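Below is one structure. I have some questions about it.
The values are calculated or read from the model by the stated rules, or taken from the named source; none is laboratory data. All values reported here derive from a predicted model rather than from experimental measurement. Don't worry about glycine lacking a Cβ; one is built from the backbone with ideal geometry, like all the others, and counts go over all protein chains shown.
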Protein chains: 2
Amino acid sequence: MQYSKSTDYALHALLHLARPELRNNVGIKELSGMLEVSESYLSKIMSKLRQDGLVRAVPGANGGYELARPAEDISFLDVVQVIEGRQQMFECSNSRSRQHRLLAEEEDGREPAPSRGSECLVEKVMNGAEQQLHQYLREHTIQSVLDEALQRGGFQAAKKR
Amino acid sequence: MQYSKSTDYALHALLHLARPELRNNVGIKELSGMLEVSESYLSKIMSKLRQDGLVRAVPGANGGYELARPAEDISFLDVVQVIEGRQQMFECSNSRSRQHRLLAEEEDGREPAPSRGSECLVEKVMNGAEQQLHQYLREHTIQSVLDEALQRGGFQAAKKR
DNA sequence: CCTATTATGGACCTGTGATGTCCATAATAT
DNA sequence: ATATTATGGACATCACAGGTCCATAATAGG
């Protein structure tokens, strides 16, 4: 039950791409140097982000990556779902035996909750919890984190006044 | 980013142990039959639950398992943490390079937020999300799910009227 | 047109952890 | 004494995270 390192890399990479003083197109070299991860591996992650429309990429000299949409339109949930996938965190392994035996113990002939969709009550709780998580991740964006970093006095050195 | 099957088994096993019509000590045979999982494997899970004080076990003839505390004192969070562990879901892989390079780009000499603890802002968001998840899991107990099952008309067959 | 640069995708490798199985041992009731 | 039941160790298997390497394509600059 751990988020992968790829999620960590992806979030930090996007955060870097969102920095105000961006010259267009940040190369993989700069990104991988920043995050202390190999170019090859980070490439895979960036490709995934591109396939899902979070960044744009241009090959060739002076190429690189840039955000495909405004940073405030990229939520943490977007990133997590691209990297970790969109399947739910919990699935009852055998809904037929589980919930049905729990709700209607010994085959009394009634259909077990036919209209409501025979959802496992355990799964229902776990899905509810996941929704709480998603809601929070949806409310936090690349931009909101960047704002907090700026507010804390970061990036002032980057201005080279 | 998936909960393990063990968590599924553990939750359903506890739910079964919490059923009102319990004769003391439910054996591994009955539990494994119910959940359609091998006795050997479920044993490991039950042992873990015992080591963490969620159930009691007695060996020997007529032995088996029973809840170690009232079902309303066993939250989903308790179970998840026993099975999945208690480490946080997200950890910034290199806090020294990450947040520090983001907040104080080019070594300007200031200590980067010394009092506040150099916490990664990305990690902070992810931890916040996890807390939302935990809060929800803390509010749902074995008993609360059992109540909902009863309310839905389950278990009436078990009374053998 | 030629070359250097940069992203892409496929193939491959490795360690770790989830999911089980099997067996010897200990404890308990009859 | 014997049958029953939980426990713990040793293994086996398999998928996946995490990562490397290389051939290919696209692009800019001369």
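Within the range B:32-49, can you find the residues that are buried (at least 19 other Cβ atoms within 10 Å of the Cβ) and away from chain A (no Cβ under 12 Å)?
Within the range B:32-49, B:Leu42, B:Ile45, B:Met46, B:Leu49 qualify.
B:Gln81 fails exactly one of the following numbered conditions: (1) assigned by TED's automatic domain parsing to the domain that holds B:Gln151; (2) without any contact (Cβ under 8 Å) to a residue 24 or more places away in the chain. What is the number of that condition?
Going through (1) assigned by TED's automatic domain parsing to the domain that holds B:Gln151; (2) without any contact (Cβ under 8 Å) to a residue 24 or more places away in the chain one by one, B:Gln81 breaks only (1).
Among the residues of the range A:6-26, are any without any contact (Cβ under 8 Å) to a residue 24 or more places away in the chain, more than 11 Å from DNA strand D (Cβ to nearest atom) and crowded, with 18+ Cβ neighbours inside 10 Å?
Here is the first cut: in the range A:6-26, the ones without any contact (Cβ under 8 Å) to a residue 24 or more places away in the chain are A:8, A:12, A:16, A:23.
In the following step, the residues that additionally are more than 11 Å from DNA strand D (Cβ to nearest atom) were identified as A:12, A:16, A:23.
Within this subset, residues satisfying the condition of being crowded, with 18+ Cβ neighbours inside 10 Å are A:12, A:16.
Looking for residues that are without any contact (Cβ under 8 Å) to a residue 24 or more places away in the chain, more than 11 Å from DNA strand D (Cβ to nearest atom) and crowded, with 18+ Cβ neighbours inside 10 Å, one finds at least one in the range A:6-26, hence yes.
So which residues in the range A:50-73 are away from DNA strand D (no atom under 15 Å from the Cβ), surrounded by 14 or more Cβ atoms within 10 Å (Cβ to Cβ) and in a helix (DSSP H, G or I), if there are any at all?
A:Ala71
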